[in-house]
1. If you keep only loop residues by DSSP, which GluC sites (Glu not before Pro) in region 494-524 have at most 15 other Cβ atoms within 10 Å of their Cβ?
2. Quote to one decimal, in nm, the extra length available between LEU164 and ILE463 on full extension: 0.36 nm per residue of separation minus the C-alpha distance between them.
3. If the cut-off is 18 Å between C-alpha atoms, which lysines fall inside it for LYS496, apart from same-chain ones fewer than 8 positions away?
4. Once you compute Rg and the Kirkwood Rh from C-alpha atoms, what is the Rg to Rh ratio for region 410-524?
5. With respect to the cross-link table entries LYS313/LYS415; LYS349/LYS453; LYS276/LYS313; LYS85/LYS196; LYS85/LYS108; LYS132/LYS239, which display a Cα-Cα separation exceeding 27 Å?
6. Report, by chain and number, residues whose modeled amide H sits under 5 Å from the one on LEU209, excluding near sequence neighbours (fewer than 5 apart, same chain).
7. Would you please name the trypsin sites (Lys or Arg not before Pro) within region 467-524 that are DSSP coil residues with at most 16 other C-beta atoms within 10 Å of their C-beta?
8. Could you tell me the distance between the Cα centroids of region 179-243 and region 404-449, to the nearest Å?
Amino acid sequence: MILFLIFISSCSTSNLRVKHKVLEKGFIEKAIVDDYSFVDGVTKEDLDRLTDEEEEYEDECWDGPHNITLLNIIARWDNQEIVSKFLDTVTKACEEDLIEKRKEVAVKCLEKAFLHKSINFIKGSFNLIDAKDVSKEDAARLLDLCLDTEDERNLKIYEECHDLEEDVYESLKLLLEVTSQNDYVNDILTDEIVEKIICLDYIDLDSELGTMDLVVKFKKAEELERNWIKNHRLTRLIKNERLIATAASLIEIYEKNERSSIQELFTHKDFQHLLKEMNMEWRRKDIEDLNEINNDEEGKLLYQAAQSGDYQKCLSIIKKGADIEFYENSLGITPLWIAAQNGHTKICKLLLENGANIEATNIKGLTPLFIAVENHKVDICVLLIERGANINYKMMDGTTILWIIACQGYTDLAKLLLDKGVYSDYAEHTYGSTPLWIAAQNGYTEICEMLIKNGVNIESTDIRGATPLLIAAANNQITVCKLLLDSGANIQATDKNNITPIWIASQNGHLEVCKLLLERGAEV
């Protein structure tokens, strides 16, 4: 109880002008309690302090040294309102005679924003500085920080589920678009950097653009051709690292006829063989030595009709003998897959009745049931399960359909799958979180209750040893905490760093959770 009272008293005041030792002990708590009022009075002296060298602090939450500073906290949380409030105060503090100071602060903000892949903070910080004022050295450093993902994977372990690859892609795109206004962008895209970008192997399924598109767009064509295509370096990299999304991106770029250097890649026999090994197809353009692939016009029309929801057109085309498994693009999307994504139940039923593969996956490994669940198409899910879709299907990273449901909070789908006997304790591989763990983190009490009644392990841990109770306490999910405690969760369970639920709740400023845990007998 004494520790708890000390914690509350530490939250009573806040000011940007605090020493590092105070930041270490109570900065996060003060920020929460005072609604970020500490950014209201930023002065020139404060800006000087922001650009000073930082001291390292051994943060007990994470392995290795980390800095607990204002910019770190803003970047980690990346809350739009807080970012805007902070950057507004920086702008107000920087009058005309402080324009150089604003540039200096902007670069410091960008460093933290790119380190943590904080999209809101990146966009806001770029508003503080003109593109021409971003030096080549600064841009190269920001690029390195953007491609450094190991630290961010550790830091996001206690946050809501993130797609780090998507964050990196969006950060890269923002950086390259801004710096492309200068004449050095090609220079900072060294072969080493290009390889790192390609190996991210990311493609956005909606826009069909990815990291390979960034390389093609911003790297000089002659250098890309000389250093990556003619010497077969790109082919070897794709083969050795199994870069499926990158190969798909290249097919999309080739078929759009956008770059002659990419077209040449498709004349190489080793690249053609690689695509065949990866079960990828491409449509022939004007290059003579490509093996012509049958471009089934009826199949393409079927895909388009399934996508738009035109049942009568689908029926008519199927009667003409269209390829029911036609792939509209290199992403591996079939008519059934796209109909499931868009919620066209009647068309899904028609396609299944005519032999469509119910387990056909796209290049990311998503089945029609998986994509229907992601988009909360309940009727489609019911249909696919009735027709025998695998409810226990796991992607390569261990993500299950039930895990996605628990992450999104789809109570109706959770009940549907649990009633059908889905296995409920699979953990995904990246962080080792189970459906109960991710539901507890996100505060989906009803789903947690269903899973507990279904007999899941209430003490399941992620890769850092955090239990569902610990992660619920860390994220201020008091209702979930009550449920877990009522169900027998160990109130003193620690992770690998000996962090307890009461400790993490106090560190994050969750007063009501602290009170609950103390009432239930938590030791401090």
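Every number here is computed from the coordinates shown, using simple stated rules; none is lab data. As the structure is a computational prediction, the values presented were derived from the model and not from experiment. All Cβ positions, glycine included, derive from the backbone under ideal geometry; neighbour counts span all protein chains shown.
1. Details: sites: GLU512, GLU519, GLU523; in loops: GLU523.
Taking region 494-524 and a limit of 15 other Cβ atoms within 10 Å, the loop GluC sites (Glu not before Pro) found are GLU523.
2. On the way: separation 299, 0.36 × 299 = 107.64 nm, distance 1.70 nm.
Residue separation times 0.36 nm, minus the Cα-Cα distance, leaves 105.9 nm.
3. By straight Cα distance, LYS496 reaches LYS156.
4. Working: Rg = 13.5 Å, Rh = 14.0 Å.
Reported Rg/Rh, Kirkwood definition of Rh: 0.97.
5. Details: LYS313/LYS415 35 Å; LYS349/LYS453 33 Å; LYS276/LYS313 32 Å; LYS85/LYS196 34 Å; LYS85/LYS108 17 Å; LYS132/LYS239 39 Å.
Long pairs (Cα-Cα over 27 Å): LYS313/LYS415; LYS349/LYS453; LYS276/LYS313; LYS85/LYS196; LYS132/LYS239.
6. Under 5 Å from the amide H of LEU209: ASP204.
7. Details: sites: LYS482, LYS496, LYS515, ARG520; in loops: LYS496, ARG520.
Sites meeting the loop and neighbour criteria: LYS496, ARG520.
8. 37
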